[in-house]
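Take a look at the structure set out below.
The values are calculated or read from the model by the stated rules, or taken from the named source; none is laboratory data. Since we're looking at a predicted model, the values are computed, not measured. Every residue, glycine as well, gets a Cβ built from its backbone with ideal geometry; the counts of neighbours run over all protein chains shown.
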Amino acid sequence: MTNTNFTPRVFSGVKPSGGLTLGNYLGAIKRFVGMQGQMETVYCVVDMHAITVWQDPKELSNMTREVAAGYLAAGLDPTRSILFNQSQVSAHAELGWIFNCVARVGWMNRMTQFKDKAGSNAEKQSLGLYAYPALMAADILLYHATHVPVGDDQKQHVELTRDIAAKFNHDFGRDFFPLTEPVIEGPAMRIMNLRDGTKKMSKSGESDMERINMTDDADKIAKKFKKAKTDPEPLPETVDGLKDRPEARNLVDIYAALNDVTPEAVIAEYPGAGWGKFKPALADLAVEKLAPMSAEMSRFMDDPAEIDRILADGAAKARAIADPILRDTYDIVGMLRS
Ligand code: TYM
């Protein structure tokens with residue numbers, strides 16, 4: 001079974017649960033923009049995923065618009081990509097249910113993100129948080145997407161998507177869903193916490209100092225990089241010297257991703273540099289790249305009606321692809337349409 005029967009198409013999404021971080025930007029959104037024009041691109045604000053943990057209803061609508069504003073400010077163009085929020089296309093929930101009946105409990109039990117999030121409190125989590133990777137598979141396969149750009153933390157979920165597609169195709173004897181490729185490349189696959197280089201930078205971390213938010217102003221960005229944890233050694237002469245130095249590695253990776261160069265090129269530019277030199281250079285670069293985007297985001301947020309219009313328009317385009325694929329799925333499964 002190959003993907004050559006399928007038109008190349010990108011799908012990806014971001015959850016509107018808390019503000020966008022530099023991890024979301026470098027690991028996902030910036031790369032979404034880079035894929036525009038290479039093939040058809042469909043980008044979603046996955047609000048149905050956000051409610052797997054409690055969300056204040058007003059805040060959820062607001063955050064949905066904010067993620068959309070982040071997409072637009074970063075350079076996603078609604079005339080070149082389909083931009084919409086998940087709950088406006090009901091086929092996601094419908095295919096999600098079919099996949100709940102394809103995925104096996106044993107597969108779900110292996111999902112490390114659920115284990116990390118639920119911790120010792122698994123019994124108290126929503127059933128949705130546990131089942132969420134099947135909904136994510138539905139998001140992707142509803143568009144017969146062949147490529148999914150994500151950060152490293154989502155790799156296991158895209159692999160599960162392939163398992164679900166393969167089992168569906170096998171069970172029903174049809175080559176209907178593609179085996180989607182995760183696209184995980186470049187230096188920003190796993191941007192780490194600024195206070196602990198062994199933990200992922202995330203929107204839900206305890207302290208604001210451990211992450212850069214896409215809405216941070218220049219002063220905040222500079223302060224956070226200045227206070228970022230490092231070891232006492234200067235930068236090495238070659239990238240091999242970053243081994244076992246997670247905080248140093250992270251700051252070099254961030255610099256590389258912001259500047260569209262490799263970590264090798266960053267080290268070649270700053271061989272042996274001390275933090276007193278590298279941190280201000282990184283802060284300047286981050287401000288140069290992020291401040292205009294944050295200003296653009298607030299400009300979009302000042303006009304919520306325009307964001308809503310873009311999302312409604314995108315949802316109509318998304319439905320035009322998704323609805324026929326859902327109808328075919330129902331036919332394959334044997335759901336009676338009278
Ligand atoms: P979410 O909302 O947690 O994150 C959105 C995207 O940002 C990436 N990301 C990072 N990349 C590098 N370093 C980091 N520190 C970092 N933090 C976040 C994530 O890998 C992701 O690509 N389940 C998904 C959303 C989703 C989805 C989908 C993605 C739902 N359906 C279908 C792709 C296709 C999630 O919770 O991402």
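Take the conditions (1) part of a helix (DSSP H, G or I); (2) modelled with pLDDT under 95; Gly186 misses just one of them, which is (1). Screening Gly13 on (1) within 14 Å of His147 (Cβ to Cβ); (2) surrounded by fewer than 23 Cβ atoms within 10 Å (Cβ to Cβ); (3) in contact with a strand residue (DSSP E or B) (Cβ under 6 Å, 6 or more places away or on another chain) shows it passes everything except condition (2).
Looking at region 284-293, is at least one residue of a type outside the set (S, T, N, Q), surrounded by 13 or more Cβ atoms within 10 Å (Cβ to Cβ) and in contact with an Asp or Glu (Cβ under 8 Å, 6 or more places away or on another chain)? Yes, there is a match, as at least one residue in region 284-293 is of a type outside the set (S, T, N, Q), surrounded by 13 or more Cβ atoms within 10 Å (Cβ to Cβ) and in contact with an Asp or Glu (Cβ under 8 Å, 6 or more places away or on another chain). Looking only at residues of region 144-183 that are in a helix (DSSP H, G or I) and among the hydrophobic types (A, V, I, L, M, F, W, C), we find that the one that is farthest from the ligand (Cβ to nearest atom) is Phe172. There is at least one residue in region 209-230 that is modelled with pLDDT under 95, among the polar types (S, T, N, Q) and at negative phi. The listed residues are Asp231, Asp196, Asp216, Asp208, and the only one of them that is acidic (Asp, Glu) and either closer than 16 Å to Leu282 by Cα or within 10 Å of the ligand (Cβ to nearest atom) (or both) turns out to be Asp216. The condition (being free of Cβ contacts under 8 Å to residues at least 60 places away in the same chain and either outside the structural domain of Thr329 (by TED's automatic domain parsing) or touching a strand residue (DSSP E or B) at 6+ places or on another chain (Cβ under 9 Å) (or both)) is satisfied by just one residue among Asp47, Asp56: Asp47.
Determine if region 132-143 includes at least one residue that is farther than 20 Å from Thr198 by Cβ and away from the ligand (no atom under 12 Å from the Cβ). Checked against the condition, which is being farther than 20 Å from Thr198 by Cβ and away from the ligand (no atom under 12 Å from the Cβ), region 132-143 yields no hits at all. Helices (runs of 4 or more DSSP H) fully within region 245-338 that include at least 1 residues being in contact with a strand residue (DSSP E or B) (Cβ under 6 Å, 6 or more places away or on another chain): 246-259, 304-333. With respect to (1) within 30 Å of Thr329 (Cβ to Cβ); (2) without any contact (Cβ under 8 Å) to a residue 12 or more places away in the chain, the lone exception for Asp244 is condition (1).
Only one residue in Lys223, Lys203 is outside any helix (DSSP H, G or I), among the basic types (Lys, Arg) and either under 30 Å from Glu296 (Cα atoms) or touching a strand residue (DSSP E or B) at 6+ places or on another chain (Cβ under 9 Å) (or both), so which one is that? Of the residues listed, the single one that is outside any helix (DSSP H, G or I), among the basic types (Lys, Arg) and either under 30 Å from Glu296 (Cα atoms) or touching a strand residue (DSSP E or B) at 6+ places or on another chain (Cβ under 9 Å) (or both) is Lys203.
Of all residues being surrounded by fewer than 14 Cβ atoms within 10 Å (Cβ to Cβ) and modelled with pLDDT under 95 in region 113-129, which is nearest to the ligand (Cβ to nearest atom)? Just the residue, please. I'd like the intermediate steps shown before the answer.
As a first pass, look at region 113-129 and keep what is surrounded by fewer than 14 Cβ atoms within 10 Å (Cβ to Cβ): 115-116, 119-124, 126-127.
Filter again for modelled with pLDDT under 95, leaving 115-116, 119-124.
Working: Lys115: 15, Asp116: 12, Gly119: 17, Ser120: 21, Asn121: 19, Ala122: 18, Glu123: 22, Lys124: 20 Å.
Going through the qualifying residues, I end up with Asp116.
For region 130-143, name all the residues that are out of contact with any His (no Cβ under 7 Å at 6 or more places or on another chain) and either surrounded by fewer than 21 Cβ atoms within 10 Å (Cβ to Cβ) or in a helix (DSSP H, G or I) (or both).
Keep residues of region 130-143 that are out of contact with any His (no Cβ under 7 Å at 6 or more places or on another chain), which gives 130-131, 134, 137, 140-141, 143.
Hits for region 130-143 are Tyr130, Ala131, Ala134, Ala137, Ile140, Leu141.
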